[in-house]
């Protein structure tokens, strides 16, 4: 980049009071992207206000830099410490809730956090398959359906499923188990009636990785690292808003204090038992086998987009900001 070809406004006599305004001038002067300009303007404003309001010291600023550096250094191909940090600060849930709003009042299934252990290594399996090879887990039959908000079944939806083993570890955390092959995870497709089912194990509580910077932060805050027992699901299909969600076992000791703020009332489920002999025969299990039944309800891309834009306008208008929607996202309306 040749600086002689770039025209920028002059900066001089910078102070604690005018530095924010000058950074905005520099960031927006040549920036052709209104959404990027808006994001940076808000980011710089809040960062600078945070520093002013806390009277941030150099030592504290440096400690923050070192913490973020260690967070990045802890990341690997199978561990995303920054997602973990986002999770324990509640940011992951906030972003998902805003970007993929669900009309819960009309029965739509709510989303929740993706978590740091989703992978693209899961094997495609037929409905009815056993996704777990964990002999230590309590066998569980999971019977699900996928429908729209009018109750119509949705066929051909890709369903990504994953959970921990009975020790509370995901397969990528214990690659030596099952020969390094994916386990306790699978990809299935809803049938013509919108149904899919599989054999898994009853989810267990587990701590998020707490041997890194995020764990040190939790320790300092006197917060525990535990997540309640749950099973992850991710749904995708043409014309449907993606749904990242999870089902949480009712009565778990960490149900009300999830370390990553993922639990929502509509996602708490009961683990029952197969009591009907006909059902037992149909699914190839015994009477008394643990059972989880759930109906997922998806939202169309169009309805989600409309709801997202509506809520964005309402939220920013409350802040006294006029906005317009560009590519589905809000930017200041300066016309």
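What follows draws every value from the coordinates through simple rules; no lab data is involved. In this text, all values refer to a predicted model and were calculated from it rather than measured experimentally. Cβ placement follows ideal geometry from the backbone for every residue including glycine, while neighbour counts extend to all protein chains displayed.
With runs of 4+ DSSP H residues as the only contributors, calculate the mean residue ellipticity of the chain at 222 nm using -39,500 (n - 2.57) per run, divided by the residue total and rounded to the nearest 500.
-9000 deg cm²/dmol
Need one number: nm distance between label points at residue 138 and residue 48, each 7 Å from Cα along Cα→Cβ, rounded to one decimal.
Placing both labels 7 Å along Cα→Cβ, they lie 5.7 nm apart.
Starting from one equal scatterer on each C-alpha and no solvent at all, send me the Debye-based log10 I(q)/I(0) for the chain at q = 0.07, 0.11, 0.13 Å⁻¹, two decimals.
Evaluating at q = 0.07, 0.11, 0.13 Å⁻¹ gives log10 I(q)/I(0) of -0.39, -0.87, -1.11.
Defining a contact as two alpha carbons under 8 Å apart and six or more residues distant in sequence, what relative contact order in percent does the stretch 1-91 show?
Once normalised by length, the contact order is 16 percent.
Per 0.36 nm of contour for each residue apart, how much would the distance between residue 1 and residue 275 grow if the chain were fully extended, relative to their Cα-Cα spacing?
Fully extending the segment from residue 1 to residue 275 adds 91.6 nm.
Compute the acute angle (0 to 90°) between the alpha-carbon long axis of helix 58-74 and the principal axis of greatest extent of the alpha-carbon atoms of the chain; round to the nearest 10°.
40 degrees
More than 15 angstrom separation, counting every C-alpha pair in the stretch 150-192; what % is that?
In whole percent, the long-distance tail amounts to 53.
Could you pull the Cα extents of the stretch 1-56 along its three principal axes, largest to smallest, in whole Å?
39, 29, 15
Subtracting the Cα-Cα distance from 0.36 nm times the residue separation, let me have the gained length for residue 28 to residue 305 in nm, one decimal.
97.0 nm
With an 8 Å cut-off on Cα pairs and a minimum separation of 6 or more residues, tell me the relative contact order of the chain in percent.
18 percent
How long is the stretch 46-85 along each principal axis, judged by its Cα atoms, biggest number first, in Å?
Sorted from largest, the Cα extents of the stretch 46-85 read 38, 19, 10 Å.
Looking at the chain, what % of its DSSP beta bridges pair antiparallel, to the nearest 5?
So the antiparallel bridges amount to about 75 percent of the total.
First obtain the Kirkwood hydrodynamic radius of the stretch 187-293 from its Cα pairs, then insert it into the Stokes-Einstein equation at 37 °C and 0.692 mPa s, and state the resulting D in µm² per second as a whole number.
This corresponds to a translational diffusion coefficient of 201 µm²/s.
Considering Cα pairs under 8 angstrom that are at least six residues apart, work out the relative contact order of the stretch 247-335 and quote it in whole percent.
It comes to 16 percent, rounded to a whole number.
Order these by the 10 Å Cβ neighbour count, fewest first: 240, 61.
Exposure proxy ranking, most exposed first: 61, 240.
Using a Förster distance of 51 Å, how high is the FRET efficiency between residue 124 and residue 19, based on the Cβ-Cβ distance and rounded to 0.05?
0.40
What nm value, rounded to one decimal, do you get for the distance between residue 255 and residue 318 when each label is placed 7 Å out toward the C-beta?
Inter-label distance under the simple model: 2.9 nm.
For residue 106 and residue 181, what is the calculated FRET efficiency with R₀ set at 51 Å and r taken between the beta-carbons, to the nearest 0.05?
0.80
For the stretch 267-335, what class follows from the C-alpha gyration tensor (a ≥ b ≥ c being the square roots of its eigenvalues): rounded when a/c is under 1.5, otherwise prolate if a/b is larger than b/c, else oblate?
prolate
Show me the ranking of peptides 168-176, 310-318 by mean Cβ neighbours inside 10 Å, starting with the highest.
Sorting 168-176, 310-318 by mean packing, highest first, produces 168-176, 310-318.
Quick check on packing: order 226-239, 92-105, 65-78 by the mean number of other C-beta atoms within 10 Å, highest mean leading.
Result, highest mean Cβ count within 10 Å first: 226-239, 92-105, 65-78.
Would you mind ranking 131, 325 by Cβ crowding within 10 Å, fewest neighbours first?
Fewest-to-most Cβ neighbours within 10 Å comes out as 325, 131.
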